[in-house]
Each structure stands twice: as C-alpha cells, then as structure tokens.
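Colleague: Have a look at this one before I ask anything.
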C-alpha cells in the first residue's frame, strides 16, 4: 500500500512514541513544517488575512485545489496544515508510487465514510503531474460529485500537465518563490525551536550568515534550512559542548553553491526563453545577458539559445540592420562548433548586438500577411509574361513574350505587373528605422517613377537586352 492517513488522535499510521522516533530522524526542513496558518511563511496573496484560501479553511468549506509552484515554497506544508485543521478525513498519496487500484480503494472508503458518518475525505496527491491521463480520469466523477476533496501539488503548469476537466473542477493556487524575509523568518524560527529545530544547541548565528542562506536558497526554504542544519550539526558533532558559531564562511562551506532551478522542458524553459527574446526585442542589453546567463547556468542547449537569437534578428531587427542576421548566423555556427563554455561569448555578442540594433518587423509582418492571404484568399495565377520561357513549347504559348527586362531601362527599373491586383505596398511596408529607411526612400522613388507613366518608357539604347528577356537572363 502506498498511501497513508494523516489524522488526529490515535487514528494514525503509528502511535505517539513511534511517530516521535520517526520525526526525530527527519531533516530539519521536514521537522520545521508549519503546524498552523500563523506559522506558514509566504504566499500572502492567497493565505494572508482575509484572502481566499484562509477564508475557506477558517470556514471549513474546502473545495478541490491545485497547488502549483516551484519546490520548497510550501505546497506540501500547506497541505499538512489543512490536514491538521479540517474536519474531513485526510489521505496522502505520492503520485509516482500510486496506482489506479490505490485510488479506487481510497474512493471506495471515502464513499462509505460519507454515507455512514457524513464525513468528507480530503485526498492530497503530491506530484500529481506524474499521474497519467487514465489515473487522472479515475478522479473526475468523485471530485465533481463531492465524494473527494482533491488537493494536488505540482511543480509543472497544471494547464498543460493535467486534464482540463480536472483543472476546471479545482481552484488553482500559484505558489511564488519565497521572499528573502520569509526565508529569514523560517531560519530564525528553526534556531529558536528546541523541540523541532536547533534550539537545543548553543548557537551564535550572524545575521549576514542567515541572509546569505536566504539569498542562496533562491526562494526555496528547504535549501536554506538544509544549509543551516549542515552548518550547525557539522560543528556540534566536532566540538561537543561548545558554542556553535554560524558565520558566512561556515554557511558557504555548508551550502557549497547556489542551485539554479531550471526545467529544460517545463515552464522555466519557456519563460526564460520568452524573457530573453522580449528583452532583445525591447532593446535592453543588460536584461538580455542576464536571461542568457540564466539559461546557460540552467544547462539549456546552446543551439536552442542560438536559434532564439536568429529568430529575433530576423523578426524584430530585419532590414533595419541586416548585419544582425549575419551575426546571429555566425553565433549558430560558432556555438555549435566550440560548445560551452566558449560558446557563451558568441551568444552574448550576437544577442547584445540584436538588443542594441534598430528595430523593424516590416519583413516579418509582410510574410505573415502574405502567408495568411495564400491560405485564405483565392490563389493568384502567375501572369503569362512572368512565366518561365526557357523551353520551346512555352514560347509558342507566349510565355515571357511581353516581359520587360529592367536592366534595359534607365534606373534599372520599369513598371510592369508582378502580382495581379495592384498589391504593391500591400505586404512590405518599410519603416524609418536604421538601414530600412534607405529601402523606404528607394521604394518611394520607384513609386514616383510609376506615377510619371514609366510603363510606357522606351528602352535605353545604351543597354543590351537580357537573354530572351527572361528574369533569369
């Protein structure tokens, strides 16, 4: 059996003595889990005074919930607080270890409990995203009917990782990384708690050391508490009976280095990539290199990063600075060729250049609209004078016969129809940005030539005719 009851009184997996023995062996982060809402740190946006979830708990009117957020921010801890506070029976399941049979057994017991005693059942499923679709579907009817109150905890976006019907039956609460002050509060509470924390030791902890742990925890209270526990216990075991001094150097040795939270296929992957590309588009080189560093530190594939730079260079810079695409292409090749850590140099150079370049999405807008028209408007046939005329049968049908070779005319231009329907200016509309303003002025010059009746212009005698007058001549 892979689930357990978390209840009150004697209705538990073990007796009091056994529970105490098990609890004493637990890590500090587990022992210091809050016992009530007042001890819960962070998430004030939904658990603060007068906020939705607190009102629901105080009124004992709990509905199905989804707790979504990064590790170490209190999802499981809040579920345990609910277990201590609610009048309903509370059951805990770890999704990776559970089966459909386990879930069906809990549902059957919940139905009996509700029918006989009128007591509802709260089912907490940790890492609920690890349930496959079939396992999630087993829950649907009983969650909707109220037989079960579901609390699911997940580090992945529930709108992608969970069945839509299950999400629609639940209230989603988004847990944010803990603030530095929240983690400091948790650390100080652990130092002063002699029963569950480290209060039984004679500890002198520098404020700077605690702040360092809070910063290195990076929003995760579990990391900070683990670092504090290592710092204290490693000294207490070596120097029994002496004062334990916790300073910055001690905690640096205890926590070693900051762990960068990054999921190469989850929300952080897409969120950081989005921030990176939007910072380049927004012409902020400092933000650009920061998000670049976050992705590199998290282990992102350099090819993915290089592709983002290339896309931004073509979409957001375009012809305002054609050199941006050249540097982006070079970054793709160099990063693939040299790999990390040297690849970060090429990626930084290209992304900073793109961020600082003048911006125009005129080319991107042109192709987006053209593709849309191709897919939704009547297909336009190629005019006869533009068709290939390199074979004898084509010439017999008059293909290319009326084509005017632009180089045979002054200014290397002659007005003729290239797209039926007068589409000139319909798609590409260059901006007054960077080099593209030169393109804009040139196209305006051509428009003035057209207005001066250039279609009837005579060939320039000094120019020779192109081969067959064809576009490839």
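Coordinate-derived values only; no laboratory data. Bear in mind the structure is a predicted one, so any value in this text is a computation, not a measurement. Cβ sites come from the backbone with ideal geometry, for glycine too, and all protein chains shown count toward neighbours.
Colleague: Rounded, prolate or oblate: which fits the stretch 3-174, taking a ≥ b ≥ c as square roots of the Cα gyration tensor eigenvalues, rounded meaning a/c under 1.5, else prolate when a/b beats b/c?
Modeller: Numbers: a/c = 1.32, a/b = 1.11, b/c = 1.19.
Verdict is rounded for the stretch 3-174.
Colleague: Under 8 Å for C-alpha pairs, at least 6 residues apart: give me the relative contact order for the stretch 267-356, rounded to a whole percent. Could you put the intermediate results ahead of the total?
Modeller: Numbers: 109 pairs, mean separation 33.3, N = 90.
About 37 percent, as a whole number.
Colleague: List, largest first, the extents of the alpha carbons of the stretch 71-125 along their principal axes, each in whole Å.
Modeller: 38, 27, 8
Colleague: Relative to the longest principal Cα axis of the chain, at what angle does helix 221-238 sit, 0 to 90 degrees, rounded to 10?
Modeller: 50
Colleague: Mind checking Rg over Rh on the stretch 133-192, alpha carbons, Kirkwood formula for Rh?
Modeller: Details: Rg = 16.6 Å, Rh = 14.0 Å.
Taking Rh as the inverse mean 1/r over Cα pairs, Rg/Rh reads 1.18.
Colleague: Any chance you could give the angle, 0 to 90 degrees and rounded to 10, that helix 436-451 forms with the longest Cα principal axis of the chain?
Modeller: 40
Colleague: Please report how far the C-alpha centroid of the stretch 52-126 lies from that of the stretch 389-409, rounded to the nearest whole angstrom.
Modeller: 77
Colleague: I've got another one for you. Return the distance in nm (one decimal) between the two label points of a simple spin-label model at residue 368 and residue 44, each offset 7 Å from Cα along Cα→Cβ.
Modeller: 3.9
Colleague: Sticking with this structure for a sec: Could you work out the relative contact order of the chain, using alpha carbon pairs under 8 angstrom and six or more residues apart, expressed as a whole percent? Write down the numbers at each step before the final one.
Modeller: On the way: 686 pairs, mean separation 50.1, N = 473.
Normalised by residue count, the contact order of the chain is 11 percent.
Colleague: How would the stretch 23-114 be classified by its alpha-carbon gyration tensor: rounded, prolate or oblate, with rounded meaning a/c under 1.5 and the a/b versus b/c comparison settling the rest?
Modeller: Details: a/c = 1.85, a/b = 1.26, b/c = 1.47.
Judged from the Cα gyration tensor, the stretch 23-114 comes out oblate (a/c at least 1.5, b/c at or above a/b).
Colleague: How would the stretch 267-356 be classified by its alpha-carbon gyration tensor: rounded, prolate or oblate, with rounded meaning a/c under 1.5 and the a/b versus b/c comparison settling the rest?
Modeller: Working: a/c = 1.76, a/b = 1.16, b/c = 1.52.
Note, shape of the stretch 267-356 comes out oblate.
Colleague: Please give the FRET efficiency for residue 195 paired with residue 290, using the beta carbon to beta carbon distance and R0 = 41 Å, rounded to the nearest 0.05. Present the calculation step by step, with values, prior to reporting the outcome.
Modeller: Values: r = 43 Å, r/R0 = 1.04.
Efficiency computed from Cβ-Cβ geometry: 0.45.
Colleague: Using the per-residue mean of other Cβ atoms lying within 10 Å as a proxy for protection, in what order, highest first, do the peptides 351-357, 211-217, 431-437 fall? It would help to have the intermediate numbers written out before the result.
Modeller: Working: 351-357: 23.4, 211-217: 21.6, 431-437: 17.7.
Output ranking for 351-357, 211-217, 431-437: 351-357, 211-217, 431-437.
Colleague: Which percent, nearest 5, of DSSP beta bridges in the chain are antiparallel? Don't skip to the end; give the middle numbers.
Modeller: On the way: 3 of 26 bridges.
Roughly 10 percent of the DSSP beta bridges within the chain come out antiparallel.
Colleague: Working from Cα positions, state the angle (0 to 90°, nearest 10) between the long axis of helix 302-312 and the longest principal axis of the chain.
Modeller: 50
Colleague: If you don't mind, another one. Based on DSSP H runs of at least 4 residues, each adding -39500 (n - 2.57), what is the mean residue ellipticity at 222 nm of the chain after dividing by all its residues, to the nearest 500 deg cm²/dmol? Show your work: numbers first, answer last.
Modeller: On the way: 21 runs with 230 residues, N = 473.
Value at 222 nm, helices only, nearest 500: -14500 deg cm²/dmol.
Colleague: If you don't mind, another one. For the residue pair residue 63 and residue 278, what label-to-label distance in nm results when each label sits 7 Å from Cα along the Cα-to-beta-carbon direction?
Modeller: 2.9
Colleague: Right, next: Using a Förster distance of 56 angstrom, determine the FRET efficiency expected from the C-beta separation of residue 447 and residue 171, and round it to 0.05. Before the final figure, lay out the partial values.
Modeller: On the way: r = 59 Å, r/R0 = 1.05.
For residue 447 and residue 171, the calculated efficiency is 0.45.
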